[in-house]
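Bear in mind these aren't lab numbers, they're just calculated from the coordinates by the rules spelled out. Model, not experiment: these values are computed from the prediction. FYI the Cβ positions are ideal-geometry reconstructions off the backbone, even for glycines, and counts take in every protein chain you see.
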Amino acid sequence: MVNGQSRSSLRDAPGFAATFVSTDMVETDIAGGLAPVGGVPTPSEPAPGDPALWRRRLRHDIRHELGTIIMLASAVAVAGDVGAESRERVEQLLGETRWLDHLLRRLDEDDDTSPQPTPERIRVDELAGEVVAGLRLATRHRLGFTASASWAHIDSLALWRALRNVLDNACRVATGHVNTCVSQDRGWVIIQVDDDGPGFSAGSRGLGSLGLGIVHDLVSGYGGSLEIRHRELGGARVRVLLPAAPPLCPARG
């Protein structure tokens, strides 16, 4: 939430900054840690084989690579010799990389004992539309989307992860069409995803079982639920239900 207004995406996520330290300024002390540099004490690092150190350094490198991709894509997006269609694809790419960066930052911040992220007032239909628009450029299937204005209190990253898992699973098994509908009914926001694949009764969906387990855990933490059905005409129907939030009241002059 920014200045009291609800948000639905990370298009205004902060940029990246890199700090480089010359290795000739750092000396190793007798105990194997880092000695003071310029009179300033430097915390000792874990042992070279420490798994936590390895994961932290790997995330650091991934974030720098993402920063490079964002800078290159941003340059293309404002280039004068790029057509409107290509510019739209670049903007979608930027949106995807910013979500991924936000996911990495959450990984740095969180552990298994961390509290549930504070919910924000989210325009569910807008965020869902953003996810569908990104996937349209990455799949050969036809992705339909209909929505009415809908609000819910949920962490934006949690909702993005839930929608991506549901839609990725649907696109993987569909034969040609996936349809997403966002509506509001009797105090609930309903995100419904239909595909024309074999349906859940046809057997395990492999990675889909893990993805839908993730969805259930994400939405249940905010009072939501997950419904999985087999459509009579074939294919599967997945519904994510979230407690609806009232719309913003128009500002009074």
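Structural remarks
- Segment R55..L248, full-extension length gain: 65.3 nm, with 0.36 nm per residue of separation and the alpha-carbon distance subtracted.
- Between the beta carbons of R186 and A149, assuming R0 = 22 Å, the FRET efficiency works out to 0.85 to the nearest 0.05.
- Electrostatic tally near G83: other residues with Cβ closer than 14 Å to its Cβ, Lys and Arg +1, Asp and Glu -1, net -2.
- Fewest-first sequence of S86, S150 by Cβ atoms within 10 Å of each Cβ: S86, S150
- The distance between label points at M71 and R136 comes to 3.2 nm (points 7 Å beyond Cα on the Cα→Cβ vector).
- Footprinting exposure proxy for D185, D194 (fewest neighbouring C-beta atoms within 10 Å first): D185, D194
- The slack between L103 and R229, meaning 0.36 nm per residue of separation minus the straight C-alpha distance, is 42.4 nm.
- Directionally averaged projected area (segment 120-243, Cα convex hull): 6.9 nm².
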